[in-house]
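Step one of this worksheet: look at the structure below.
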Amino acid sequence: VGRMFVPRIAVWLAPAAGYGVDRVPLAGGGVVAANHFSGIDHPLIGGFSPRTIYFLAKAELMEVPVVGRSLRSLGVFGVRRGEGDRDALRHARELAREGNLVGVHLEGTRQRFGHPGPMHPGGLMIALQEGVPVIPCGLDTFGWSPKNRRKCAVVWGEPMELDGLPRNRKGYAEAAEVVGAEIVRLWRLAAEAS
């Protein structure tokens with residue numbers, strides 16, 4: 001029930017526009033890879049997705065009494081940042097393998113300067129190891145807060161197949177470079193639209 005209403009509430013809280021929603025595959029596993037500026041990002045992406053997205057979020061959030069339980073009920077699961085969290089990666093791979101969409105913010109944390117930061121390959125390992133596409137997503141939500149309900153935008157890109165890349169450190173780094181460049185391009189479009 002919450003998965004249906006929370007994204008709608010987010011779109012109301014952050015007057016937003018979504019572009020390219022038809023690019024989100026309606027079936028099959030995939031990794032939704034996006035930039036990250038604000039706490040509204042997860043629910044806003046979900047609000048413009050035709051499918052449920054299972055997001056990775058920092059493990060610390062999952063330990064906050066009411067917040068953690070609420071997030072888990074929405075399909076969010078924790079990942080320990082700065083270390084190889086094999087359990088979270090295993091769960092994410094399983095979700096993608098079973099035909100679900102897994103949402104990741106490639107920068108790993110919110111960016112504070114209004115521009116996407118360095119992209120990390122961790123979330124893309126899921127796509128490479130499971131052979132599922134990456135659906136890039138650019139957001140312009142910088143500066144949004146409950147007190148500053150500025151207009152935001154979400155721009156979806158075409159699904160990207162990473163089949164030709166090796167499943168090793170070099171392949172993961174190349175994936176981060178290619179997908180990161182597309183996310184920055186989409187973010188620029190989102191910034192122009194908002």
Practice task
Test Val154 against the criterion of being closer than 16 Å to Ile45 by Cβ and either touching a Cys at 6+ places or on another chain (Cβ under 7 Å) or surrounded by fewer than 18 Cβ atoms within 10 Å (Cβ to Cβ) (or both), and give yes or no.
Solution key: yes
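Restricting attention to the stretch 157-180, report how many residues are loosely packed, with under 14 Cβ neighbours inside 10 Å and either touching a helix residue (DSSP H, G or I) at 6+ places or on another chain (Cβ under 8 Å) or within 16 Å of Gln111 (Cβ to Cβ) (or both).
Restricting attention to the stretch 157-180, the residues satisfying the condition of being loosely packed, with under 14 Cβ neighbours inside 10 Å are 158, 161, 163-164, 166-170, 177.
This time we only want the ones that are either touching a helix residue (DSSP H, G or I) at 6+ places or on another chain (Cβ under 8 Å) or within 16 Å of Gln111 (Cβ to Cβ) (or both), so: 158, 167.
The total comes to 2.
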Handout entry: Condition met for Leu106 (open to solvent by 10 Å² or more (accessible area, probe 1.4 Å) and of a type outside the set (Gly, Ala, Ser))
Key = no
Exercise for the section: Kindly provide the set of residues from the stretch 109-149 that are crowded, with 17+ Cβ neighbours inside 10 Å, β-branched (Val, Ile, Thr) and farther than 17 Å from Lys170 by Cα, ordered by number. Expected result: Val132, Val134, Ile135, Thr141
Completion exercise
Every listed condition ((1) open to solvent by 60 Å² or more (accessible area, probe 1.4 Å); (2) outside any loop (DSSP other than H, G, I, E, B); (3) at pLDDT below 85; (4) not small (Gly, Ala, Ser)) holds for Leu89 save (1)
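Restricting to the stretch 111-165, and then to whatever is assigned to a loop (DSSP other than H, G, I, E, B) and of a type in the set (Asp, Glu), can you tell me which residue is nearest to Glu192 (Cα to Cα)? Walk me through how you get there before you give the answer.
Filtering the stretch 111-165 for residues assigned to a loop (DSSP other than H, G, I, E, B) gives 111-121, 131-133, 141-144, 146-147, 149-151, 157-159, 161-165.
Okay, now just the ones that are also of a type in the set (Asp, Glu), so 158, 161, 163.
On the way: Glu158: 19, Glu161: 27, Asp163: 32 Å.
Filtering first and then ranking leaves Glu158.
Given the criteria open to solvent by 10 Å² or more (accessible area, probe 1.4 Å) and closer than 18 Å to Ile45 by Cα, does Asn100 qualify?
Judged against the criteria, Asn100 is a match.
Looking only at the stretch 68-86, how many residues end up being modelled with pLDDT under 75 and loosely packed, with under 12 Cβ neighbours inside 10 Å? If you could, list the steps in order and put the result at the bottom.
Of all residues in the stretch 68-86, those modelled with pLDDT under 75 come to 68-85.
If we keep only those that are loosely packed, with under 12 Cβ neighbours inside 10 Å as well, we get 69, 82-84.
Going through the stretch 68-86 one residue at a time, the tally reaches 4.
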Exercise for the section: For Ala176, work out the one condition from (1) within 19 Å of Phe48 (Cα to Cα); (2) within 15 Å of the chain's Cα centre (by Cα); (3) of a type in the set (A, V, I, L, M, F, W, C); (4) in a helix (DSSP H, G or I) it doesn't fulfil. Expected result: (1)
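The values are calculated or read from the model by the stated rules, or taken from the named source; none is laboratory data. Remember, it's a predicted structure, so these values are computed and weren't measured experimentally. Don't worry about glycine lacking a Cβ; one is built from the backbone with ideal geometry, like all the others, and counts go over all protein chains shown. Surface areas here come from the heavy atoms of the whole protein model, side chains and all, with no ligands, DNA or RNA. Shrake-Rupley method; radii C 1.70, N 1.55, O 1.52, S 1.80 Å.
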